[in-house]
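Working notes, beginning with the structure itself.
The values are calculated or read from the model by the stated rules, or taken from the named source; none is laboratory data. The structure displayed is predicted, hence computed values, not measured ones. Heads up, the Cβs are rebuilt from the backbone with ideal geometry, glycines too, and the neighbour counts pull from every protein chain shown.
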Amino acid sequence: MNKLRQLNIDSTWSLFLDRDGVINKKLDNDYVKNIDEFEFVEGAQVSIQKMTKLFGRLFLVTNQQGIGKGIMTHEDLKVVHDYMEEGLKPFDVKFDALYYCPDLAAENTLCRKPNIGMALQAKKDFPEVDFLKSIIVGDSITDIQMGKRARMKTVFIHEDVANPEEADFVVKSLDEFSILLENS
Ligand SMILES: [Mg+2]
């Protein structure tokens with residue numbers, strides 16, 4: 001894809017990944033509260049492996065208001081994330097940082113997507129991060145909104161071709177995007 005090639009993605013670029021619906025299967029009207037509820041999207045590990053070879057930095061940015069609602073704890077989330085990272089280790093995938101926002105949607109705090117607090121935190125922790133040389137991949141409109149507010153490139157994972165927020169790319173899965181990248 002020409003549009004992707006024009007970006008000249010290299011190790012000066014950062015990749016921001018949403019979690020639910022991108023890396024692991026999203027639960028309907030529920031939160032992933034324990035490792036039994038965490039299931040990788042088929043092929044996600046290999047897709048991330050392929051992508052991270054191109055990028056310099058890899059970040060997770062995930063809204064987890066199940067914590068704010070009292071349905072799960074910070075510790076529950078840590079157990080789930082440790083499990084996810086263990087599952088990615090055999091693929092040589094290591095996140096530079098995992099950012100999550102525990103706050104309720106109604107609170108509209110800076111960290112909660114579509115606000116850009118988690119991106120700003122990444123930039124604070126890793127000053128070389130350049131949002132103009134960053135891609136966010138997510139399956140919610142709020143992921144795309146956050147990316148646009150931070151002036152990142154945006155990849156919308158969606159089953160149909162509707163692109164209400166005018167993401168830069170629309171794909172059906174992380175796998176599809178990793179193949180596009182590979183071929184760009
Ligand atoms: Mg999601």
Give the residue that is surrounded by the most Cβ atoms within 10 Å (Cβ to Cβ), with candidates limited to residues of the stretch 73-87 that are in contact with a helix residue (DSSP H, G or I) (Cβ under 7 Å, 6 or more places away or on another chain) and farther than 12 Å from PHE38 by Cβ. THR73
Could you look through the stretch 43-70, keep only residues that are modelled with pLDDT of 95 or more and among the β-branched types (Val, Ile, Thr), and pick out the one that is surrounded by the fewest Cβ atoms within 10 Å (Cβ to Cβ)? VAL46
Which of the helices (runs of 4 or more DSSP H) contained wholly in the stretch 1-104 include at least 1 residues that are within 16 Å of the ligand (Cβ to nearest atom) and not polar (S, T, N, Q)? 44-52, 65-68, 74-88
Test MET146 against the criterion of being at pLDDT 95 or above, part of a helix (DSSP H, G or I), in contact with a Pro (Cβ under 6 Å, 6 or more places away or on another chain) and surrounded by 15 or more Cβ atoms within 10 Å (Cβ to Cβ), and give yes or no. yes
Please work out if LEU98 is touching a residue at least 60 places away in the same chain (Cβ under 8 Å) and crowded, with 17+ Cβ neighbours inside 10 Å. no
